[in-house]
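So the structure is just underneath, and the comments pick up after that.
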Amino acid sequence: GLGKSEKSPYDRTSEQKAVELHTLLKKAKIKPPYILVGSEFGVQNIRMFVAKYPKEVAGIVMVDPRSWSESQKEKYLSLYPDLNAEQYDAQLKQYFEEDSKINQDGSYEEWLASSQQVNEHISSIKNIPLTVIISGIDGAISNDPMMQAVTEAALKDQLQLAALSSKSKIVEAENSFTYMAYYEPKLIIQEIIRMLDQVKK
């Protein structure tokens, strides 16, 4: 997703990325079951992988999924009464256009399509072991009440993700707000190893 490869002729949606990952694993002769780890938008991609290939997944680790809630638009609009849907779409579209200068990993429209794809498979995780690693630095770091409200809404989203599986747990990364893999890589590695030990039993 850093623009280092040639542009794909296929849509850059979560469903397409799940198919490509599955194809890669097969071509590399890496046999299932797999432990899937996804961060931020990658959480949607691994959820689609589970939806398409549930019998091949032994465990899931979601890292900081706050930024990509399927219900993000509705919740943010309710928190910002002066912002209408058209303005919200315009701002996000501009963000994706700026990002695309260094990242060929998808447009705003493809992000919306990915959210819809994931939403259609909301119950796909079921009884698969799941760890959700959430940020420990909450809205209290900001004096803006609206930012605090947005952070609280994001936390609720994370708790809902943990509830997708009957075998889930939540881990708090106390020193991270975003870029968790940069600030607390040891914690993420530790949780992946724990997941590996869990599914081996």
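Annotations for the structure displayed:
- Scanning the range 157-201 for residues that are of a type in the set (Asp, Glu), surrounded by 15 or more Cβ atoms within 10 Å (Cβ to Cβ) and not in a loop (DSSP other than H, G, I, E, B) returns Asp157, Glu191.
- On inspection, Leu83 does not qualify as part of a helix (DSSP H, G or I) and either open to solvent by less than 60 Å² (accessible area, probe 1.4 Å) or modelled with pLDDT of 80 or more (or both).
- Neighbours by Cβ (under 6 Å, 6+ apart or cross-chain): first from the range 105-131, at pLDDT below 80; second basic (Lys, Arg): Asp105/Arg12; Gly106/Arg12; Tyr108/Lys93
- Condition broken by Ser135, with the remaining ones in (1) surrounded by 15 or more Cβ atoms within 10 Å (Cβ to Cβ); (2) at pLDDT below 75; (3) under 15 Å from Ser39 (Cβ atoms) satisfied: (2)
- Checked against the criterion of being modelled with pLDDT of 75 or more, open to solvent by 20 Å² or more (accessible area, probe 1.4 Å) and within 30 Å of Lys201 (Cβ to Cβ), the range 56-66 has at least one qualifying residue.
- Considering residues of the range 5-45 that are among the polar types (S, T, N, Q) and either surrounded by fewer than 16 Cβ atoms within 10 Å (Cβ to Cβ) or out of contact with any Lys or Arg (no Cβ under 8 Å at 6 or more places or on another chain) (or both) only, the residue farthest from Tyr179 (Cα to Cα): Thr23
- Restricting attention to the range 177-201, the residues that are modelled with pLDDT under 80 and over 16 Å from Gly38 (Cβ atoms) total 1.
The values are calculated or read from the model by the stated rules, or taken from the named source; none is laboratory data. Model, not experiment: these values are computed from the prediction. Neighbour counts are summed over all protein chains in view; Cβ atoms, including those assigned to glycine, are modelled from backbone coordinates with ideal geometry. Side chains are part of the model used for accessible areas, which takes the heavy atoms of the whole protein and leaves out ligands, DNA and RNA. Shrake-Rupley method; radii C 1.70, N 1.55, O 1.52, S 1.80 Å.
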